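Visitor: Below is a structure I'd like to ask you about.
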Amino acid sequence: MSLILDSLFSSVAFSHFIVDTFNASRPVLLTYLGLSESQIALFSTIYIWTSALTQPFFGWISDRTGPRWLVAGGVLWMTVFYSAALLLPGNAGLACLIIAALGSSAFHPVGAVQATLRGRDLLKGRETTSTSIFFTAGQLGHFTGPIITGLLLTRYKLPGLFIIPVVSVPIAFSVMYQLRANHPHPRPTQGNKSNRMQVGILFIVVLALVATLQSWAQANMVNLIPKYIKDLGQGATVYGSMAGLFMGGSALGNVLGGYFGDRYPKRYVAATVLFLAAIPIYIASLIGWSWWLFILVPMAGAFTGAVHSIMVVLSQRIIPGGMALASGLALGFIFSSGALGLLFTGHLAEVYGFPFVLTMTTGMVILASPLALLLKEPAVK
């Protein structure tokens with residue numbers, strides 16, 4: 001409770017919520033504009049890569065200059081260019097939407113470090129819990145974003161989406177005030193440098209593989225399921241809600257993953273939830289349109305989302321004196337690898353259908369589960 005009531009943590013969490021509300025509106029908006037699966041996959045890949053590949057750079061800057069302007073500036077940047085995307089027609093609007101992704105890139109690694117540090121200070125070192133709550137705020141944005149977008153498009157068309165940037169402005173100025181001290185992140189010490197060398201190449205490779213498979217599975221679900229549901233004859237409200245339910249389940253899973261990750265070995269928690277994720281994903285591949293999807297889709301989100309904060313905290317321990325850089329590298333890799341996979345599976349969905357992609361996604365999480373058992377976490381010094 002002390003963490004939720006902390007004004008600094010809450011303002012950063014609310015900022016994460018609005019940033020990912022912007023991000024989550026993208027698949028529904030692109031579906032509404034009539035793009036095909038391949039076009040959605042291609043655009044989403046460019047969007048995600050624009051955000052993901054620049055995150056280490058912004059994390060490196062934040063480790064040296066402090067978090068204030070990157071956190072608040074990231075929210076305001078997204079506000080401006082998302083609004084421009086709604087105003088400008090055709091390719092110009094799509095280009096502004098891609099430029100808006102840089103705001104998400106600036107925000108995410110810096111916000112993740114703030115969450116970790118507040119957990120160490122206020123929760124007696126339970127950093128996975130605080131990080132999971134931070135990511136849950138973002139995933140609640142992913143949950144509400146598609147639902148709100150679908151409802152606004154159904155009732156008010158494109159002009160209705162301006163409600164989202166209007167709400168984001170006071171949130172940006174609030175977090176700017178809360179971070180007014182602008183303390184740089186903890187710098188490396190000799191102890192931290194020696195600790196960094198204790199992480200073997202196997203740990204890094206396995207962490208990258210698990211993160212890739214988890215991110216790819218989530219990217220397949222959240223980016224392609226709106227188009228699949230639309231093709232099954234449902235309207236914007238339903239296909240927007242389905243994408244939102246997936247991320248809502250992911251938000252819940254993130255909280256549970258953080259809770260259990262602070263109490264049990266993180267590798268066992270990750271392996272268990274990844275294996276369980278295969279069950280709802282595979283059933284969804286068999287049944288076509290059914291109201292059971294309103295249960296199966298959030299279940300899949302919960303099990304795949306439970307791994308997210310665990311991956312980020314393990315990455316921060318690789319470079320303990322450069323936490324924002326480590327967060328940027330981890331988040332950038334997670335998002336970009338998922339986007340690269342999505343480019344491939346978007347084409348497969350057009351050729352073989354989305355149920356085939358769901359079966360393939362089932363195999364991804366089953367493969368990731370035993371790999372996660374190899375992630376024996378490095379100690380914090």
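The values are calculated or read from the model by the stated rules, or taken from the named source; none is laboratory data. The model shown is predicted, which means the values in this text are computed figures rather than measured ones. Heads up, the Cβs are rebuilt from the backbone with ideal geometry, glycines too, and the neighbour counts pull from every protein chain shown.
Visitor: Just to be sure, is V313 among the β-branched types (V, I, T) and within 16 Å of the chain's Cα centre (by Cα)?
Guide: Yes; evaluated as a whole, the condition is true for this residue.
Visitor: Considering only segment 48-57, state which residues are of a type outside the set (V, I, T), surrounded by fewer than 24 Cβ atoms within 10 Å (Cβ to Cβ) and either within 13 Å of A112 (Cα to Cα) or modelled with pLDDT of 85 or more (or both).
Guide: P56, F57, listed by residue number.
Visitor: May I ask you to say which residue of V175, V206 is over 23 Å from G73 (Cα atoms), crowded, with 18+ Cβ neighbours inside 10 Å and at pLDDT 85 or above?
Guide: One residue alone meets the criteria, V206.
Visitor: Give all pairs with beta carbons closer than 6 Å in which a residue from segment 287-300 that is over 20 Å from V255 (Cβ atoms) meets a residue that is among the hydroxyl-bearing types (S, T, Y) and surrounded by 15 or more Cβ atoms within 10 Å (Cβ to Cβ); count only pairs at least 6 apart in sequence or on separate chains.
Guide: none
Visitor: Name every residue in segment 18-42 that is hydrophobic (A, V, I, L, M, F, W, C) and in contact with a Leu (Cβ under 6 Å, 6 or more places away or on another chain), in order of residue number.
Guide: Hits for segment 18-42 are I40, A41.
Visitor: Do we find that I148 is surrounded by 14 or more Cβ atoms within 10 Å (Cβ to Cβ) and at pLDDT 85 or above in this structure?
Guide: yes
Visitor: Let me ask another. In segment 228-246, which residue that is surrounded by 23 or more Cβ atoms within 10 Å (Cβ to Cβ) and not small (G, A, S) is nearest to E350 (Cα to Cα)?
Guide: The selected residue is Y228.
Visitor: Moving to a separate point now. In segment 247-255, is there at least one residue being surrounded by fewer than 24 Cβ atoms within 10 Å (Cβ to Cβ), more than 30 Å from K157 (Cβ to Cβ), at pLDDT below 90 and among the aliphatic types (A, V, I, L, M)?
Guide: The answer is yes, given that some residue of segment 247-255 is surrounded by fewer than 24 Cβ atoms within 10 Å (Cβ to Cβ), more than 30 Å from K157 (Cβ to Cβ), at pLDDT below 90 and among the aliphatic types (A, V, I, L, M).
Visitor: Cβ-Cβ under 7 Å, sequence separation 6+ or interchain: first residue in segment 152-170 and more than 20 Å from V75 (Cα to Cα), partner among the aromatic types (F, W, Y) and surrounded by 12 or more Cβ atoms within 10 Å (Cβ to Cβ). Which pairs?
Guide: Final answer for the pair search is L153/Y32.
Visitor: Let me ask something else. Taking M221 as meeting all but one of (1) without any contact (Cβ under 8 Å) to a residue 40 or more places away in the chain; (2) under 16 Å from the mean Cα position of the chain (by Cα), write down the number of the exception.
Guide: (1)
Visitor: Which one of E350, E377 is in contact with a helix residue (DSSP H, G or I) (Cβ under 9 Å, 6 or more places away or on another chain) and at pLDDT 85 or above?
Guide: Checking each option against the conditions leaves just E350.
Each row is one residue, and each column tells you yes or no for (1) among the β-branched types (V, I, T); (2) at pLDDT 80 or above.
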{"site": "F107", "(1), (2)": "no, yes"}
{"site": "Q114", "(1), (2)": "no, yes"}
{"site": "G119", "(1), (2)": "no, no"}
{"site": "L122", "(1), (2)": "no, no"}
{"site": "R126", "(1), (2)": "no, no"}
{"site": "T131", "(1), (2)": "yes, yes"}
{"site": "F134", "(1), (2)": "no, yes"}
{"site": "A137", "(1), (2)": "no, yes"}
{"site": "H142", "(1), (2)": "no, no"}
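Visitor: Continuing with the same structure: Out of segment 81-98, which residues are surrounded by fewer than 22 Cβ atoms within 10 Å (Cβ to Cβ) and touching a residue at least 40 places away in the same chain (Cβ under 8 Å)?
Guide: S83, L86, L94, I98
Visitor: Of the residues that sit in segment 261-294 and are touching a Ser or Thr at 6+ places or on another chain (Cβ under 6 Å) and over 21 Å from A349 (Cβ atoms), which one is surrounded by the fewest Cβ atoms within 10 Å (Cβ to Cβ)?
Guide: Of everything passing the filter in segment 261-294, F275 is surrounded by the fewest Cβ atoms within 10 Å (Cβ to Cβ).
Visitor: Sort out for me the helices (runs of 4 or more DSSP H) sitting completely within segment 1-114 that have 1 or more residues that are over 20 Å from Q139 (Cα atoms) and touching a Cys at 6+ places or on another chain (Cβ under 8 Å).
Guide: Of the helices (runs of 4 or more DSSP H) lying wholly inside segment 1-114, those with at least 1 residues that are over 20 Å from Q139 (Cα atoms) and touching a Cys at 6+ places or on another chain (Cβ under 8 Å) span 68-87.
Visitor: All but one of (1) under 18 Å from the mean Cα position of the chain (by Cα); (2) farther than 18 Å from P226 by Cβ hold for S83; state the number of the condition that does not hold.
Guide: S83 satisfies all of (1) under 18 Å from the mean Cα position of the chain (by Cα); (2) farther than 18 Å from P226 by Cβ except (1).
Quick grid of which residues meet (1) more than 14 Å from the chain's Cα centre (by Cα); (2) under 24 Å from L97 (Cα atoms):
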site	(1), (2)
D121	yes, no
T129	yes, no
I133	no, no
L152	yes, yes
P159	yes, yes
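Results for (1) over 24 Å from L293 (Cα atoms); (2) within 21 Å of the chain's Cα centre (by Cα), shown as yes or no for each residue.
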{"site": "F335", "(1), (2)": "yes, yes"}
{"site": "L342", "(1), (2)": "no, yes"}
{"site": "F354", "(1), (2)": "no, no"}
{"site": "K376", "(1), (2)": "yes, no"}
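Visitor: Can you tell me which residue among A330, A368 is of a type outside the set (K, R), at pLDDT below 80 and under 27 Å from L202 (Cα atoms)?
Guide: None of the other options fit; the residue is A330.
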